[in-house]
Amino acid sequence: METTIKVVCCECGANLGFKAGGTSPYGNVSHGLCNSCAHHFYAQLGMPLNEYLEGLLVPVVAVNQKGTITTANQKAFDLLNKTPDQVQGFCGGDVFECEYAKLPEGCGQTIHCSGCTIRNTVMETMQTGSPHQWVPAYLDQHSETGPHPIDLFVSTEKRGDLVFLRIEEIEEISPEKSANSNC
């Protein structure tokens, strides 16, 4: 009688399918690495940062200790409708086109910045090393017709001296929804 062994990722536990025949010291379970965990493993072996970021499935920007963006993956460039030259070396509020970053004080220096969920989440992760997952955030994006409200979810993770800011989900807020909110 041939046995079937379930194969799971040894890092995250994702189901990798089934394997016919053989035995495993773990009973009816064997272990391997899923593509995502293998990608992270290879990054630890010295994969270039840009190559690593391109392998991630969501838009990601890398932020340094000063709060400026050092690089991003193509998914982020596409989402932001920006080129690398319009992102690298700029503050997050400038890149995300925050309405308040357009004030004379600039991104990170206005009274509004003290309540910025995106900035606060990134800087807390930078200081403590603690990651954050799916944090709800709100952004008044600059537009010619006035502030354009955006709801989004972000996650952060510290890698070396950078924080990776993942844009998990983004939703433009309709004028009707904005008028009915308590913001």
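The numbers here are math on the coordinates, done by the rules we state, and not lab data. Keep in mind that what you see is a predicted model, and the values were worked out from it rather than measured. All Cβ positions, glycine included, derive from the backbone under ideal geometry; neighbour counts span all protein chains shown.
A few points about this structure:
- The residue that is surrounded by the most Cβ atoms within 10 Å (Cβ to Cβ), among those in segment 60-75 that are within 11 Å of the chain's Cα centre (by Cα) and not in a strand (DSSP E or B), is N73.
- Selection of segment 119-164 for residues being under 11 Å from the mean Cα position of the chain (by Cα), of a type in the set (S, T, N, Q) and exposed (fewer than 15 other Cβ atoms within 10 Å of the Cβ) yields only Q133.
- Every residue from segment 102-121 that is closer than 20 Å to P136 by Cβ, part of a helix (DSSP H, G or I) and in contact (Cβ under 8 Å) with a residue 12 or more places away in the chain: H112, C113, T117, I118, R119, T121
- Members of segment 122-169 found to be over 21 Å from K75 (Cα atoms), of a type in the set (D, E, K, R) and in a strand (DSSP E or B), listed by number: D140
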